[in-house]
Amino acid sequence: MSINLRTVYAFAREMYPKISTEYVQYGTAGFRGKAEFLDSVMFRMGVLATLRSRYRGGAVIGVMITASHNPEPDNGVKLVDPKGEMLDASWESIATDLVNVSDQDLEQHVAKIIKDNNIDITSSSHVFVGMDNRYHSPRLLKAVADGVIALKGNVREFGIVTTPMLHFFVVAANTKEAYGKPTEEAYYEKLISAFESLRNGQLENGNYKNNVVFDGANGVGARKMLQFIKRMNKSLNISVINQGIGPGKINDECGADYVKVQQRPPISMPIVEPFTRCVSVDGDADRVVYFFTNDKGEFQLLDGDRIATLVAGYLMDLVTRSEIDLRLGLVQTAYANGASTDYIVNELKFPVSCVPTGVKHLHHKALEYDIGVYFEANGHGTIVFSDHAKATIATAAETKASAKTLLLLIDLINETVGDAISDMLLVETILNHKGWDVKDWISTYNDLPNRQLKIKVQDRNVIETTNAERDCVKPEGLQAEINKVVSNYKRGRSFVRPSGTEDIVRVYAEAATREVDYQSVKQFTIILLTHFFLWFQDTEN
Ligand code: G16
């Protein structure tokens, strides 16, 4: 096969010219921005995925077109490595450089990547591409596919799928179908069959009722949930709201990010009985949070920390009952509520580690355990099982019912990345087995009152952090200001960090008691913000 790199330049110049000179950077989960500026980024990511596949000996690489929790006019791209993880960190800078080089220098730059990485450009390459249901996604998908074609790679388009579905397909193909077949139907079948076997005909149990309201964020998660419902044997009654068929926009006043950050129910929420379980996923269905309204009409959130603690406790119990010796661990980020960490460490006696925001960091850390549970507070997470854990569980399953349950759970869990639908089915399974309703679930510990805000600033990159983003090192002195304010509040904790998916800075704050300190937390955040803005004025001058 002969490949002329001139083609890459020709495609770029004629079809995907770079129309903005603004520097773009590979962020928390790839590139994000206004869709109208992304054509050249997408084309170049098609090129990169093809090179990466050749670099990895022809393994399938995934490219997902989505801006996930961001508003509808935005789009973005996430790259999936052969084992289902996010693109290896060592290639993030290669991606950033490739996206920022001018059209004129593109051909030479691609040649340099090939040379530097010793890539056999004549070898085979395979790229899977999926997209969310944003109106500009099909256009951007074509740009990715053309990037693959320009380098004579093989491209397989999956159309509209959730991000975790694409991860599933990549791993299925790369494991020669040991993980499943790389098709939409096989994905549904694997999850539904495990879920229904775990139910074993027991639809209700104790306080657990078989109904749930599902907020699909007007995104692809809603569509796929409707497909799940069609294929399930009424094993769970799911009413889907924000289905994306009316005037509602993706993530607009709905979805996991809105519900978590605003701490209120999504738009179009029907009137339901108090304590009804409700679920919100984000625009590409890789995050999930639960919520409900109590009998006083108060909104209550069960976020990623709650899911993590529920899952960790349940797995630990099954492992203990199976009499097997496996290393369990849980991974969180700085956003984890202090009360959840206390509960995990002191009550569940589970080892916990804290890493910077971004699934890529959590996933890698979780792989250090035999059973690694990872969840961000925003609802993004999953569980990974080592080969040793799988073999040990399989042997124990020959004699122990608890180990048989663990085996089925492995099939229900999408280990490749956080999967909102798989996570939801997992939570439903655990609550059903325990006979728990949301009251039982939320009573395990009391969240510290907390607030999270976004601040629009001129240059978010002036903020630099360390210690898993819990300490701010730049601008100098800002951390001292934060510490001063925090010291006025019992169990006060706060941090600031630049977002890697939006052009904003995030501020998180929490403090001790709901009644007394709720106002204080708000006030505290305002004080912090004031300091923050002052700092910015200082830095600008
Ligand atoms: C992405 C990442 C998540 C991260 C989130 C917010 O989520 O996959 O790990 O928590 O962005 O990141 P940041 O605070 O840097 O903006 P998603 O759902 O948008 O892909």
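The values are calculated or read from the model by the stated rules, or taken from the named source; none is laboratory data. Being a predicted model, the structure only gives us computed values, none of them experimental. Neighbour counts are summed over all protein chains in view; Cβ atoms, including those assigned to glycine, are modelled from backbone coordinates with ideal geometry.
Within region 307-357, if we keep just the residues that are over 26 Å from residue 387 (Cα atoms) and among the charged types (D, E, K, R), the residue that is farthest from the ligand (Cβ to nearest atom) turns out to be 347. Using the structure shown, decide if residue 360 is in contact (Cβ under 8 Å) with a residue 40 or more places away in the chain, basic (Lys, Arg) and either crowded, with 24+ Cβ neighbours inside 10 Å or within 27 Å of residue 257 (Cα to Cα) (or both). Here the answer is yes, as residue 360 does meet what is asked. Note on region 88-103: among residues that are touching a residue at least 60 places away in the same chain (Cβ under 8 Å) and closer than 15 Å to residue 26 by Cα, the one that is surrounded by the most Cβ atoms within 10 Å (Cβ to Cβ) is 95.
Taken over region 360-377, the criterion of being touching a Gly at 6+ places or on another chain (Cβ under 6 Å) and within 14 Å of the ligand (Cβ to nearest atom) is satisfied by 366, 374, 375, 376, 377. For region 494-511, taking the residues that are surrounded by fewer than 19 Cβ atoms within 10 Å (Cβ to Cβ) and modelled with pLDDT under 90, the one that is farthest from the ligand (Cβ to nearest atom) is identified as 503. Taking region 323-346 as the range and being over 17 Å from residue 448 (Cβ atoms) and buried (at least 22 other Cβ atoms within 10 Å of the Cβ) as the test, the residues that pass are 330, 331. Looking only at region 233-259, filter to residues that are under 13 Å from residue 133 (Cβ atoms) and free of Cβ contacts under 8 Å to residues at least 60 places away in the same chain; which one of those is farthest from the chain's Cα centre (by Cα)? So the residue we want is 245. Of the helices (runs of 4 or more DSSP H) lying entirely inside region 286-379, those containing at least 2 residues that are among the small types (Gly, Ala, Ser) are 304-321, 338-342. The lone criterion from (1) modelled with pLDDT under 95; (2) more than 16 Å from the ligand (Cβ to nearest atom) left unmet by residue 18 is number (1). For the residues 139, 156, the requirement of being under 17 Å from residue 80 (Cα atoms) and surrounded by fewer than 18 Cβ atoms within 10 Å (Cβ to Cβ) singles out 156. The number of residues in region 368-401 that are closer than 30 Å to residue 509 by Cβ and among the hydrophobic types (A, V, I, L, M, F, W, C) comes to 4.
With respect to the conditions (1) farther than 26 Å from residue 291 by Cβ; (2) free of Cβ contacts under 8 Å to residues at least 24 places away in the same chain, residue 400 falls short on a single one, namely (2). Taking the listed residues 80, 47, 24, 8, the one that is among the β-branched types (Val, Ile, Thr) and closer than 22 Å to residue 416 by Cβ is 80, with no other qualifying. For region 277-306, the tally of residues that are more than 13 Å from residue 442 (Cα to Cα) and away from the ligand (no atom under 16 Å from the Cβ) stands at 5.
Take the conditions (1) crowded, with 24+ Cβ neighbours inside 10 Å; (2) away from the ligand (no atom under 16 Å from the Cβ); residue 66 misses just one of them, which is (2). Of the residues making up region 407-420, those that are within 14 Å of the ligand (Cβ to nearest atom) and of a type outside the set (Gly, Ala, Ser) are 416, 417, 419.
All conditions but one from (1) in a strand (DSSP E or B); (2) on the phi > 0 side of the Ramachandran plot apply to residue 469; the one that does not is (1).
When residue 1 is tested against (1) under 19 Å from residue 124 (Cβ atoms); (2) in a helix (DSSP H, G or I), exactly one condition is not met: (2). Name the residues in region 401-423 that are part of a helix (DSSP H, G or I) and under 19 Å from residue 225 (Cα atoms), would you? Answer for region 401-423, where residues must be part of a helix (DSSP H, G or I) and under 19 Å from residue 225 (Cα atoms): 411, 412, 420, 421, 422, 423. Entry remark, region 230-247: residues being part of a loop (DSSP other than H, G, I, E, B) and farther than 14 Å from residue 214 by Cβ number 6 in total.
Conditions (1) in contact with a strand residue (DSSP E or B) (Cβ under 7 Å, 6 or more places away or on another chain); (2) crowded, with 17+ Cβ neighbours inside 10 Å; (3) polar (S, T, N, Q), marked per residue:
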{"site": "203", "(1), (2), (3)": "no, no, no"}
{"site": "209", "(1), (2), (3)": "no, yes, no"}
{"site": "251", "(1), (2), (3)": "no, yes, yes"}
{"site": "259", "(1), (2), (3)": "yes, yes, no"}
{"site": "265", "(1), (2), (3)": "yes, yes, no"}
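Residues of region 171-185 that are out of contact with any strand residue (DSSP E or B) (no Cβ under 6 Å at 6 or more places or on another chain) and either more than 14 Å from residue 414 (Cβ to Cβ) or surrounded by 16 or more Cβ atoms within 10 Å (Cβ to Cβ) (or both): 171, 172, 176, 177, 178, 179, 180, 181, 182, 183, 184, 185.
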